[in-house]
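The values are calculated or read from the model by the stated rules, or taken from the named source; none is laboratory data. None of these values were measured; they are calculated from a predicted model. Methodologically, a virtual Cβ is constructed for each residue, glycine included, from the backbone with ideal geometry; neighbour enumeration extends over all protein chains shown. These accessible areas exclude ligands, DNA and RNA; they are computed on the full protein's heavy atoms, side chains included. Shrake-Rupley method; radii C 1.70, N 1.55, O 1.52, S 1.80 Å.
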Amino acid sequence: MLFEQNNHHILDKKHKEWEFLHHFTHLGYDLLDLSILEEFKWDRLSPDDLKTMTNRYTWQSNDSLLSLRSDWTDSIVRYRKKYKLQTSKVAYSGPVYPYNQEKMQFGVEIFSESISKQQDSMKELLDYIQTSLNQKLSVAVISHYSLLKKLLTKDDLEDPDIKHLLRERNLDGLIHQLGTEHPVVQLMSQPVPDQLHFAKAKFPDLKESVNEIIEWSAILEKKNIPTVYSDLFSLPAQSYYKGIFLQFYTDQLVEPIVTGGQYSSPTKAFGMAINLTDLTY
Amino acid sequence: MLTIALSKGRQLKDFIDFLKSKELHHLSDALESVSRELVVETDSIRFLLVKGEDVPVYVEEGVADLGITGSDVLYEQKRHINNLMDLPFGYCHFALAAKQPQETYPVVATKYVQFTQDYFDSIMQPVKIIYLKGSVELAATIDMADAIMDIVQTGTTLRENGLEEQVQLNKINARLIANKHAFFSKNNEIQSIINQFKKAGA
């Protein structure tokens, strides 16, 4: 085994983690560390907790359900529901274990409804990934989780078949389920680059959300990301994601390297995380 | 350049006929010249010739931007892909087949475990599913199972093995699928392919 090479790799990884935390404390973020072992009480599981269970390693110990942390934002949301955090912005680093995977997340959360503060936080994280981690972001996909709530009934939004068809952008299937005149079908029938303007022109209820997408997209275009697309049919993984959601890709990986967005639990907030695997760090 | 994963065998022949019907001769000619190659390149498209069940894997992993496979394969695998459009070939359907009609079919042999479980759940009947990779008809012929769940095109194979279709289920056809990332990053090229596939035939 080439220990010299291995030593260098391990030191480099630890150094990058230290550097990330150091960088963001200088930018005024407080550091947060939480246990990788998470405990759930059977009688206090929320619908969002239940939803994550299929994507977690879990085991039972007496009357508790134990799990490994699967996502930092999810852990912070649950922590803030239970305890008061005396800070408006935090940075963190640590491993996460969604089912069948091991990842390292470096991320930031800002507990403020101020859009400009949220956008500043996004820019700081993007600057870090582009300059300090030398990652070239090639594609940004921007969604707004309030859009589908305005186009579909509550029953449709909870229908697993419709959710599956939306997730796969299966237009034929949606026509079959909803009919050709349905706003979702009309919007999805447009070419992808035209969908945002079609939504704004044809559906006045969507105007505010579409304008928010346009505003956030303009910032991303200034960050030297060659391709910025809006995905109007994205469904949130958790119900607390209620506004803008962002995914950033490099040319090397299929999975997004940065994800995050606006959420509301227990107050309005914004969080983004860099998802690193051994391939990238 | 776009990379498209295609299923070898019968579906490839159907796809070549489809390309001819759309007057996409530069693509059909390239695919017709294949003998044992697994990669075929034209000036704008690289085709990967793989096993039908592997098409969604190549697409989900981003090795291929697009793929063509049956809706039966997609139902069974639940991959993270965009399921873009119906293609007018590969028509068949799921069917429950047995030697003779029975009130219930407690043991069913199949390659399609997910579909079979969902069907029996939908009719509120318990079922024991025996997973087989091929020659599924044999399981019912030699009474290892009460029935089989399989895809049926003409029904000839069933009849030759002494089985009859008892319940006709979901229709199946070929679908064009896309990698979720490529769908955005190569949207212009993908839309151009979709437009050519939708173009009225010659």
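Filter segment B:115-168 down to residues that are open to solvent by 70 Å² or more (accessible area, probe 1.4 Å) and hydrophobic (A, V, I, L, M, F, W, C) and give me whichever is nearest to B:Glu53 (Cα to Cα).
Applying the filter and picking the extreme gives B:Leu138.
If A:Tyr99 meets every condition in (1) under 25 Å from A:Leu45 (Cβ atoms); (2) in contact with a helix residue (DSSP H, G or I) (Cβ under 7 Å, 6 or more places away or on another chain); (3) away from every other protein chain (no Cβ under 14 Å) apart from one, which number is that one?
Among (1) under 25 Å from A:Leu45 (Cβ atoms); (2) in contact with a helix residue (DSSP H, G or I) (Cβ under 7 Å, 6 or more places away or on another chain); (3) away from every other protein chain (no Cβ under 14 Å), A:Tyr99 violates only (3).
Among the numbered criteria (1) free of Cβ contacts under 8 Å to residues at least 24 places away in the same chain; (2) more than 22 Å from the chain's Cα centre (by Cα); (3) more than 14 Å from chain A (Cβ to nearest Cβ), which one does B:Asn161 miss?
The single condition B:Asn161 does not satisfy is (1).
Scanning segment A:76-111 for residues that are in contact with a strand residue (DSSP E or B) (Cβ under 6 Å, 6 or more places away or on another chain) and of a type in the set (Lys, Arg), which turns out nearest to A:Glu17 (Cα to Cα)?
A:Lys103
So which residues in segment B:176-186 are open to solvent by less than 10 Å² (accessible area, probe 1.4 Å) and in contact with a strand residue (DSSP E or B) (Cβ under 7 Å, 6 or more places away or on another chain), if there are any at all?
If the condition is that a residue be open to solvent by less than 10 Å² (accessible area, probe 1.4 Å) and in contact with a strand residue (DSSP E or B) (Cβ under 7 Å, 6 or more places away or on another chain), then B:Leu176, B:Ile177, B:Ala178 are the ones that fit.
List the number of the failed condition for B:Leu66; all other conditions in (1) closer than 15 Å to B:Met149 by Cβ; (2) out of contact with any helix residue (DSSP H, G or I) (no Cβ under 6 Å at 6 or more places or on another chain) hold.
Checking B:Leu66 against (1) closer than 15 Å to B:Met149 by Cβ; (2) out of contact with any helix residue (DSSP H, G or I) (no Cβ under 6 Å at 6 or more places or on another chain), the one that fails is (1).
Residues in segment A:132-147 that are closer than 24 Å to A:Ile214 by Cβ and within 14 Å of chain B (Cβ to nearest Cβ): how many?
The total comes to 7.
Could we say that A:Leu276 is touching a residue at least 40 places away in the same chain (Cβ under 8 Å), within 10 Å of the chain's Cα centre (by Cα) and crowded, with 20+ Cβ neighbours inside 10 Å here?
When the stated conditions are applied, A:Leu276 does not pass them.
State the number of residues belonging to segment B:25-34 that are under 11 Å from B:Lys8 (Cα atoms) and at pLDDT below 90.
Summing the residues that are under 11 Å from B:Lys8 (Cα atoms) and at pLDDT below 90 in segment B:25-34 gives 1.
Check whether at least one residue in segment B:101-118 is within 11 Å of the chain's Cα centre (by Cα) and in contact (Cβ under 8 Å) with a residue 40 or more places away in the chain, and report yes or no.
no
Considering only residues that are within 14 Å of chain A (Cβ to nearest Cβ) and in a helix (DSSP H, G or I), look in segment B:77-114 and name the one that is most open to solvent (accessible area, probe 1.4 Å).
The residue in question is B:Gln114.
Can you tell me which residue within segment A:205-257, out of those that are more than 14 Å from chain B (Cβ to nearest Cβ) and of a type in the set (Gly, Ala, Ser), is surrounded by the fewest Cβ atoms within 10 Å (Cβ to Cβ)?
Per the stated criteria, the residue is A:Ala218.
Among the residues of segment A:175-192, how many are closer than 22 Å to A:Val228 by Cα and out of contact with any Ser or Thr (no Cβ under 9 Å at 6 or more places or on another chain)?
5
Right, A:Gln195: within 14 Å of another protein chain (Cβ to nearest Cβ) and assigned to a helix (DSSP H, G or I) or not?
yes
Kindly indicate the residue of segment B:1-47 that is basic (Lys, Arg) and part of a loop (DSSP other than H, G, I, E, B) and also farthest from B:Ser185 (Cα to Cα) among those meeting that condition.
Filtering first and then ranking leaves B:Arg36.
Out of the residues in segment A:148-181 that are acidic (Asp, Glu) and away from chain B (no Cβ under 14 Å), state the one that is farthest from the chain's Cα centre (by Cα).
My answer is A:Glu181.
Criterion first (assigned to a loop (DSSP other than H, G, I, E, B), open to solvent by less than 80 Å² (accessible area, probe 1.4 Å) and not acidic (Asp, Glu)) does A:Gly94 satisfy it?
When the stated conditions are applied, A:Gly94 does not pass them.
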